[in-house]
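So the structure is just underneath, and the comments pick up after that.
The values are calculated or read from the model by the stated rules, or taken from the named source; none is laboratory data. Keep in mind that this is a model prediction, so the values were computed, not measured. Using ideal geometry, Cβ is built from the backbone for each residue, glycine included, and neighbour counts are taken over all protein chains shown. Areas reflect the complete protein model, heavy atoms only, side chains present, ligands, DNA and RNA absent. Shrake-Rupley method; radii C 1.70, N 1.55, O 1.52, S 1.80 Å.
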Amino acid sequence: MKITSIFLVAGILSFVVASCNNSGSNKSSDIKAGVTKTSWGEFDGKKVELFTLVNHKGDTVTITNYGGTITSFVVPDKNGNHSSIIIGFDSLKTYLQKPPYFGALIGRYANRIGGAQFTLNNNEYKLNPNDGKNTLHGGLKGFDKVVWDATIPSDSVPSIELNYVSKDGEEGFPGNLKVMVKYTLTDDHELKIEYNAETDKPTPINLTNHSYFNLSGRVTNSILNETLWIDADKYTPVDSTLIPTGEILDVKGTPFDFTSAKKIGVSIDSVKGGYDINYVLNRKDSTSLQKVAEVSDSISGRTMEVYTTQPGIQFYTGNFLDGKFTNRYGNPITQHSALCLETQHFPDSPNKPGFPSATLNPGEKFHQETVYKIKVND
Ligand code: BGC
């Protein structure tokens with residue numbers, strides 16, 4: 001690394017730390033937007049790096065090319081204090097202990113595929129089961145456990161591009177799949193994720209990001225007190241192993257109804273284990289970026305809007321978080337200390353002819369986008 005870049009990295013890192021320590025007084029004009037990278041170790045013989053994206057508002061996002069994982073998203077609260085609303089860790093070592101997908105980029109097929117198998121064009125494919133007899137989040141070594149090739153596409157716009165080629169047969173999936181994911185931090189407090197892919201054989205594909213959010217910035221505050229709206233009149237009910245039954249049911253009159261904003265904790269006791277369910281989004285069309293969900297937290301005054309081009313969203317209330325992992329401030333990450341809103345194709349679509357197709361064919365270009373936008377009510 002050149003001496004000038006070392007100073008630049010040191011400068012930005014001290015700015016990030018100062019921000020996290022509540023300064024809140026930087027004027028937008030003082031802040032230089034951009035991306036810096038630091039070395040974060042090695043995995044599978046490849047270099048792992050941590051990228052820090054800073055916008056003109058002083059928001060920061062840190063992302064590692066190990067698993068395309070977002071390790072923090074630091075934004076102000078209503079008092080101008082900065083903290084991360086995404087749970088993450090400060091070392092590669094913790095991510096190598098296989099935490100439950102904190103901030104990770106998930107593929108080749110996010111969520112579950114029942115019985116770890118599917119048939120496509122009369123060919124049967126067997127996958128690696130890793131969740132009982134089912135395949136979850138891509139299998140034993142999904143996209144969250146590989147090192148992506150990272151590039152910084154622009155000097156002025158805080159973004160990074162991650163590339164990965166998933167080989168024909170990897171985890172049992174057909175076709176060489178070329179994947180490019182771009183993360184951008186905008187000056188409107190938005191974290192934008194664009195997913196692109198191409199294949200040389202028909203394959204199921206479902207890409208998402210598995211960030212766990214706590215808008216208050218502290219895992220000691222339960223997300224059951226946060227308020228949620230989801231633009232979905234319908235959901236896909238599941239069996240006891242969380243595989244969809246194939247039905248598409250109305251949320252009306254059930255605890256799954258978030259069509260009017262309500263506190264997450266209000267009806268959670270009527271849902272066995274807590275929320276872990278796919279919503280069928282009320283889409284105007286199948287391609288445009290549409291606002292589909294909104295979460296707010298009264299302690300910090302933060303609201304997060306979710307926009308996506310995808311047909312579904314998994315709402316997960318961190319039901320299986322058991323305190324085994326501790327966040328960077330030493331607090332155990334326990335049940336309901338964070339929530340996920342994973343934009344996606346419906347779980348088990350490869351085995352559910354009634355669900356929107358998740359097949360990508362040679363010659364087609366896969367493209368999906370999701371935006372997490374933070375607003376502060378002051
Ligand atoms: C799934 C949960 C799972 C969690 C972590 C979510 O996407 O819906 O069932 O426990 O990921 O693996």
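If you wrap a convex hull around the C-alpha atoms of segment 32-151 and split its volume per residue, what is the figure in Å³?
With only Cα atoms used, segment 32-151 gives 148 Å³ per residue.
P(r) for segment 214-267: what percent of alpha-carbon pairs falls in each 5 Å bin, starting at zero?
Values per bin, smallest distances first: 4, 18, 20, 19, 18, 14, 6, 1.
Using a Gaussian network model on the chain with a 10 Å cutoff between Cα atoms, which of N319, N79, N123 fluctuates the most?
Result for the chain, Cα springs under 10 Å: N123 fluctuates most.
D for segment 150-220, whole µm²/s, Stokes-Einstein with Kirkwood Rh over alpha-carbon pairs at 10 °C and 1.306 mPa s: what number?
110
In whole Å, what are the Cα extents of segment 261-368 along the three principal axes, biggest one first?
Over segment 261-368, Cα extents along the principal axes are 48, 32, 29 Å.
Would you mind pulling out the separation of the Cα centroids of segment 215-283 and segment 170-188, in Å?
27
Which residue fluctuates the most in the chain, going by a Gaussian network model with Cα springs under 10 Å, if the choices are S211, S72, S260?
Most flexible of the set in this elastic network: S260.
How large is the accessible surface per residue of segment 76-140, computed with a 1.4 Å probe and reported in Å² as a whole number?
41
If the only charges are +1 at each Lys and Arg Cβ and -1 at each Asp and Glu Cβ, what is the size of the charge dipole of segment 34-376 around the Cα centre, to the nearest 20 debye?
Dipole magnitude for segment 34-376 comes out near 400 debye.
Which whole-Hz couplings ³J(HN,Hα) result when phi for each residue of segment 194-209 is put into the Karplus expression 6.51 cos²θ - 1.76 cosθ + 1.60, θ = phi - 60°, listed in order with x for Gly and Pro?
For segment 194-209, the Karplus-derived couplings read 10, 10, 10, 7, 9, 9, 10, 9, x, 8, x, 8, 7, 10, 8, 10 Hz, x marking Gly and Pro.
Considering the Cα positions of segment 123-256, please state its Rg to one decimal place and its Dmax as a whole number of Å.
Calculated on Cα positions, Rg and Dmax stand at 18.6, 51 Å.
How much accessible surface does L224 have with a 1.4 Å probe, in Å² rounded to 10?
Number for this one is 40 Å².
Once neighbouring chains are kept in place and the probe is 1.4 Å, which whole percent of the accessible area of the chain is contributed by carbon and sulfur?
Carbon and sulfur: 50 percent of the exposed surface of the chain.
Name the residues whose placed amide hydrogens come within less than 5 Å of the amide hydrogen of R328, ignoring near sequence neighbours (fewer than 5 apart) on the same chain.
Long-range HN contacts for R328: G88.
Could you tell me what fraction of 2.2 N^0.38 Å the Cα radius of gyration of the chain comes to, as a two-decimal ratio?
The value comes to 0.95.
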